[in-house]
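Here is the structure we will look at.
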Amino acid sequence: MDYLQQLTERYPQLIAVKENINTAFNILSESFANNGKLLIAGNGGSAADAEHIVGELMKGFVKNRKLPDSFITDIGKIDTGIADYITPRLRPALPAISLSGHNSLNTACINDIDGNIIFAQQVYGYGKEGDVFLGISTSGNSKNILYAAGVARVKKMKVIALTGAGGGKLTNLSDVSICVPETETWKIQELHMPVYHCLCLMLEERFF
């Protein structure tokens, strides 16, 4: 199913970023195919978007993902009771972590170091070559997102920016920038959701 074509038919203003969405999809596909993971960060409503994306990738979105037969066999060898419960419920995942959700670590960074370093600290700790960092910033100038993107580049990760028109400084640190054509924060956020839903649909179609 051509989810990207459906997206631009429903949101014609996103035709301008169609190729960049497809590039982001290819970056994510390559990472997941090579056992990489996705780290996502955003502030405010964009932090909620980061959590939303993780939910779609980790649990399943529109498909009823099936466990590999090898896993079903192996879990049966561990414990039949556990296997009977897990097998019909567990779903294969595309590994993604929202960096906004670790309260103890984040508040420790705020109290002990500097709140703007929170996401960079996690990218440094979690990230490795072959992983992807997705920075969501409506302005493209959020300092904590910029610092995290800089660390990601040093770690030889790919960086995807999801921003508003213009893209801000984040575009200079990104392998691809999806700059939706709006300038007001709430309007930018309204377009971010269909963009990342499309990416999640495309990834699920690719891998499951």
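The values are calculated or read from the model by the stated rules, or taken from the named source; none is laboratory data. These numbers were taken from a predicted model, which means no experiment stands behind them. Cβ sites come from the backbone with ideal geometry, for glycine too, and all protein chains shown count toward neighbours. Heads up: the accessible areas ignore ligands, DNA and RNA and are worked out on the full protein's heavy atoms, side chains in. Shrake-Rupley method; radii C 1.70, N 1.55, O 1.52, S 1.80 Å.
For segment 96-110, filtered to residues that are surrounded by 15 or more Cβ atoms within 10 Å (Cβ to Cβ) and in contact with an Asp or Glu (Cβ under 9 Å, 6 or more places away or on another chain), the residue that is farthest from Val132 (Cα to Cα) is Ser100. Taken as a whole, the condition of being free of Cβ contacts under 8 Å to residues at least 12 places away in the same chain and in contact with a Gly (Cβ under 6 Å, 6 or more places away or on another chain) does not apply to Ala50. Looking across segment 48-60, the residues that are over 9 Å from Ala96 (Cα atoms), open to solvent by less than 20 Å² (accessible area, probe 1.4 Å) and not acidic (Asp, Glu) come down to Ala50, Gly60. With respect to Lys63, is the statement that it is modelled with pLDDT under 95, part of a loop (DSSP other than H, G, I, E, B) and either open to solvent by 60 Å² or more (accessible area, probe 1.4 Å) or more than 22 Å from His192 (Cβ to Cβ) (or both) true? Answer is yes for this residue. Ile136 passes every criterion in (1) of a type in the set (A, V, I, L, M, F, W, C); (2) loosely packed, with under 14 Cβ neighbours inside 10 Å; (3) touching a residue at least 40 places away in the same chain (Cβ under 8 Å) apart from (2).
The set of residues in segment 192-208 being within 15 Å of Thr8 (Cα to Cα) and open to solvent by 10 Å² or more (accessible area, probe 1.4 Å) consists of Met193, Pro194, His197, Leu199, Leu201, Met202.
All of (1) closer than 19 Å to Ile160 by Cα; (2) touching a residue at least 60 places away in the same chain (Cβ under 8 Å) hold for Arg10 with one exception: (1).
Does Leu4 meet the test of being open to solvent by 10 Å² or more (accessible area, probe 1.4 Å) and either at pLDDT 95 or above or of a type outside the set (A, V, I, L, M) (or both)? So Leu4 fits the description; yes.
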